[in-house]
Structures are given as structure tokens and as C-alpha cells.
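Undergrad: This is the structure I have questions about; it appears just below.
Coordinate-derived values only; no laboratory data. Only a predicted model underlies this, so the values are computations on that prediction, with no experimental measurement involved. As a convention, Cβ positions derive from the backbone with ideal geometry for all residues, glycine included, and neighbour counts pool all protein chains shown.
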Amino acid sequence: MMNDEFEALIDAKVESKFRELLASFVSRLAGDNSVSDWVDTNEACKRLGYPSPKSLYASIDSGLFRLGKEVRDRRNPGSQKAIYQFHVPSCEKRLSSDPSKRRGV
């Protein structure tokens, strides 16, 4: 029983990763380069000039970066830990906007 559950979990992970890679590949073939604008937390830190992922997460908590706008949550179903990706051009636009004119969600 435990092996069946483990195999099902592995199959789901492999399928999820395959779909993610395939979608990226198909988008690039179609000439859509926006896929590369979405980056994982560590890469977003580098591109946006943040010293650490923790400081980047603080920008989400403060409302500077918004889920569904500049940030998307790519966690697996049932997972408690968020896996964020950041849309760098949107984040840069948000950072360059006047702080007094930024609205929350």
C-alpha cells in the first residue's frame, strides 16, 4: 500500500514537471518569450537587486508585490509551503511607480 502511494506521488511529480517543461518549450516554439519573464525566487533576487529571498518575501507580505499580478504561487496541490515565481518586468514596473500612488490588491 505504501509503495503504491509513493509511486503515485512520484508519477504525479514527474507528470507535473513534464507538463511545465513542455509548456515552456511549446511557448518558445510559438515565439512567446514571456515565459522567461517568470523566474524563481533566487533568480528574482538577482534581477531585482534584493539581498535575500527573505527580503523578497517581505515585499509580498507588505503588499508591494501581489499574488496574481507580480507573483504566482506554483506549489503542488496539498502542499503547505509556497513556491513563488516572480514576473520580473511587472515587479520592476511596480518598484518604479510612485509609492504614494500604489494601491493594494
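Undergrad: Between ASN3 and ASP73, what is the label-to-label distance in nm when each label sits 7 Å out along the Cα-to-Cβ direction?
TA: So the two model labels end up 3.6 nm from each other.
Undergrad: Go through segment 8-16 residue by residue and turn each phi into a ³J(HN,Hα) via Karplus (6.51, -1.76, 1.60, θ = phi - 60°); whole Hz please, and just put x for glycine and proline.
TA: Once θ is set to phi - 60°, the couplings for segment 8-16 become 5, 5, 4, 4, 5, 5, 5, 4, 4 Hz.
Undergrad: While we're looking at this one, here's another question. Picking from PRO51, ILE83, GLY68, whose Cα lies most toward the positive end of the charge dipole for segment 41-105 (charges on Cβ: Lys, Arg +1; Asp, Glu -1)?
TA: GLY68
Undergrad: Hey, rough spin-label estimate for LEU95 and TYR57, points 7 angstrom out along Cα→Cβ, what's it come to in nanometres?
TA: It is 1.9 nm.
Undergrad: Can you tell me which lysines have their Cα less than 22 Å from the Cα of LYS54? Leave out same-chain residues fewer than eight positions away.
TA: LYS46, LYS69, LYS81, LYS93
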